[in-house]
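Comments concern the structure below.
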Amino acid sequence: MKKINELLRYIKNQKHKVLKIALLISFILDLLFIVLLSRMENFSDQANQIQAGMVAEKDIVADKDIQYIDSNAMSKLKYEAEKKILPIFKVDSSITANVTSAFDEFSTTLQNYFAENLDYDAFAALSEKLKGDGYSISTDFLYGMGKSPAASQILETSRKALEDLMTLGVMDNTAAGYDKNQVAEVWRWRENLREKEDIALTDLMTKSRIPDFIKSRYSSLLDKNDMQTVVLFVQQFAKENLFFDYNETNKKKETLLANLEPVYKTLMQGDVIVKKGFIISDTDMEKIDALKQNSSKMDLGGVIGTIIFLLGLFLLGMEIVPYSMPHNEARKNSYTLFFLILIEIFFFLFLVLVKTPPLFDNLIAALIIPSAMFSMLLSIVCSPLTGITFAFISALIVFLFDMNSALAAIFVVLSGLSGSMVVRNYSKRIQLIQSGVYLGIINMFLMVAFLLASKHFDNHRILMVLFAFLNGMACSILCLGILPIIEHVMNVPTQSRLAELSDLNTPILQKMLHMASGTFNHSILVGNLAENACIEIKANGLLARVGGYYHDIGKIDQADFFIENQETYNRHDNLSPSLSVSIIKSHVKYGVEKAKELNLPPEVIDIIAHHHGNGLISYFYVEAMKLEDKARVTPEAYSYSDGRPKSKEEAVVLLADSIEAAVRAMKNPTLEGIQNRVNDIIKSKIESGQISESELTFSDLKIVANSFVNTLKGIHHSRIQYPKQEEINELSSNSK
């Protein structure tokens, strides 16, 4: 226990550092959770076991917005694209070279035979040799050609026709089994340069079309009989050299298909893919597979964007949140830490509901989470502006989870704003229940407006209107249960706690009543004076009243040393001024110690500590100057030393304390006398600098003075002199 107390004291002394470290740790944890979710977020563990044809055991719902490739549309697109792909046919140049080379060899041999006038048997041997090489040319044909005067021209024309034919390409009639009406892309080589031509397969050259090809091109060079010889030679030597190229065609197909623009379908978060009890179709399975693939991948861009968004939100909060806090430096850090804790709780509640795994869409999650409760707590504990700030930041957090979740974010911010507003005049705990009813009605109207705007007003959605009302009631009930814990842990002066402390039946005030009745009456009057004045200047009247009630609790154990409690004689008559002043001053110290034992809020303790400022205890100072060596008597020794008031409430209690005592000491207080005494005391406190550090303005002081006069006027008003009973009896007897 001792170690824990030491740790708490250390944290208290290091509050600024602790707050900064807490904020940093908070940001780092949020960052880690976002990144971790991006890596671990899965559609469902059961999704890996789902197959087409199975019956869905529960509704399968998309957990995020995704785009996936439409396989049916892509199949059609590929089919249409493949139909447009031209098959590639290539001329084999090596076959062309072999054919022309073989014909050149044949032509040279034949011309040599012609030149040597060889006999018939020589041509018969040549015919046999050609037959062995696969050429069918009869002996008579070869021998008879030698007698023709156009033999050389026939061979030359045959050579040219064969070369032209082979360069053009000769295709086998059964090539690749393609539709002969289809267009093909033909690759040819002329002088080592590739040429491409799109041509119908029906227009490609085949062996059966060789005679027509030769006659159409070379009939003008030779007579009919010689042309037949050219046709024979070309038909014998020509070979198929135009072939379908599968590799080039397939490469072309792959390139074309790879450059096809994908056709996407969009699946929105919350879309029902398969309802429970329905058979999972192939189309459904395609969507499920798309979800699994997207869930198993880390969205690096999304992570970076989320980190930037979160960093911006963090920096925005660091700048805005402190400005929304009350102007209380002692409280600002603890309030900021409280704000941060509530933001973290909201963050992780929303995280659980929509991300790990996705249980609800964002709007339903916003209905389940009592988001307005956080704003209500902050409005009561800190200020309404703090609650409003939380509403806006929590809405940004909803956008963090889903940038398209506008309705959920709007509901969170409007419900949070409403929560802050319905508790702005909070003073009693029962008002929280009333506030819950108001908030529930506001939530209902919000939800009805959303449903009408989104055109989804069905039976399922009507239940959301009921949940919206229940959300408002839940916020108030939870706030009612959590608020006392926060009041105790943070020791904050909420209106309800101050109302409890203002109960005159509390033990410490009852003790004051019995042991220091004069101080009790004085404290009650000071509390009433301070409350009325603070209400007039828009300060916390209830805090001032409680401060007035408790400001002199340090006098209880030494009550008879203070003039308001003395009935017979003044105990200070037998004491030296220095001893008397130390007793008088000590009531502030004892009051602070007793207040801490009672765990009073620091704001009340500050009022107790500063209700005399550092003012001079003039009576004993003057007495000391009369009785002691003046050189040894200093004003500091006869002054309070607990510091001057810092807040309006502290300053008003200080003024009320002095003014109540001064007016009470007046013999016959009149309105004019009260006014003069109030103005004189306020003027003296200003001149001595007792309220210079407070937030009171001269305008405030004027209002405070008028309030004091009005209250004291009612307390010290003049009364008529009522006749005594003896006089009444005498007058009655004389009348008889």
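Scanning segment 186-215 for residues being over 12 Å from Leu86 (Cα atoms), of a type outside the set (Phe, Trp, Tyr) and either in contact (Cβ under 8 Å) with a residue 24 or more places away in the chain or part of a loop (DSSP other than H, G, I, E, B) (or both) gives a total of 11. Look at (1) of a type in the set (Ser, Thr, Tyr); (2) within 14 Å of Asn225 (Cα to Cα); (3) at pLDDT 85 or above and you find that Thr108 fails only one, number (2).
On the basis of being in a helix (DSSP H, G or I), in contact with an Asp or Glu (Cβ under 6 Å, 6 or more places away or on another chain) and closer than 30 Å to Tyr550 by Cβ, does Leu483 make the cut? Here the answer is no, as Leu483 does not meet what is asked.
Here's the yes/no breakdown for (1) small (Gly, Ala, Ser); (2) within 60 Å of the chain's Cα centre (by Cα):
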site	(1), (2)
Pro149	no, no
Ser152	yes, no
Glu163	no, no
Asp172	no, no
Ala184	yes, yes
Glu191	no, no
Ser219	yes, no
Lys224	no, no
Val231	no, no
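Could you please find all residues in segment 135-155 being among the aromatic types (Phe, Trp, Tyr) and in a helix (DSSP H, G or I)? Within segment 135-155, Phe141, Tyr143 meet the criteria.
Flag not set for Ala453, criterion: out of contact with any helix residue (DSSP H, G or I) (no Cβ under 8 Å at 6 or more places or on another chain) and under 20 Å from Ser418 (Cα atoms).
Of everything listed in (1) under 29 Å from Glu649 (Cβ atoms); (2) assigned to a helix (DSSP H, G or I); (3) of a type outside the set (Phe, Trp, Tyr); (4) in contact (Cβ under 8 Å) with a residue 60 or more places away in the chain, the single unmet condition for Lys428 is (2).
Residue by residue through segment 89-134, note down the ones that are assigned to a loop (DSSP other than H, G, I, E, B) and out of contact with any Phe, Trp or Tyr (no Cβ under 7 Å at 6 or more places or on another chain).
Asn117, Leu118, Asp119, Asp133, Gly134
In segment 138-157, what residues are under 15 Å from Gln236 (Cα atoms), touching a residue at least 12 places away in the same chain (Cβ under 8 Å) and surrounded by fewer than 16 Cβ atoms within 10 Å (Cβ to Cβ)? Selection gives Phe141 alone.
Filter segment 62-114 down to the residues that are under 22 Å from Glu163 (Cα atoms), among the acidic types (Asp, Glu) and in contact (Cβ under 8 Å) with a residue 60 or more places away in the chain and list them by number. Matches in segment 62-114: Asp92 only.
Would you confirm whether or not segment 443-459 contains a residue that is surrounded by fewer than 22 Cβ atoms within 10 Å (Cβ to Cβ) and in contact with a Lys or Arg (Cβ under 8 Å, 6 or more places away or on another chain)? Among the residues of segment 443-459, at least one is surrounded by fewer than 22 Cβ atoms within 10 Å (Cβ to Cβ) and in contact with a Lys or Arg (Cβ under 8 Å, 6 or more places away or on another chain), which makes the answer yes. Which of the residues that make up segment 227-282 are among the aromatic types (Phe, Trp, Tyr) and loosely packed, with under 12 Cβ neighbours inside 10 Å? The answer is Tyr246, and nothing else. For segment 463-474, indicate whether the set of residues that are more than 33 Å from the chain's Cα centre (by Cα) and either of a type outside the set (Gly, Ala, Ser) or modelled with pLDDT under 85 (or both) is non-empty. No.
The values are calculated or read from the model by the stated rules, or taken from the named source; none is laboratory data. Remember, it's a predicted structure, so these values are computed and weren't measured experimentally. Because the Cβ atoms are built from the backbone with ideal geometry, glycine has one as well, and the counts that use them run over all protein chains shown.
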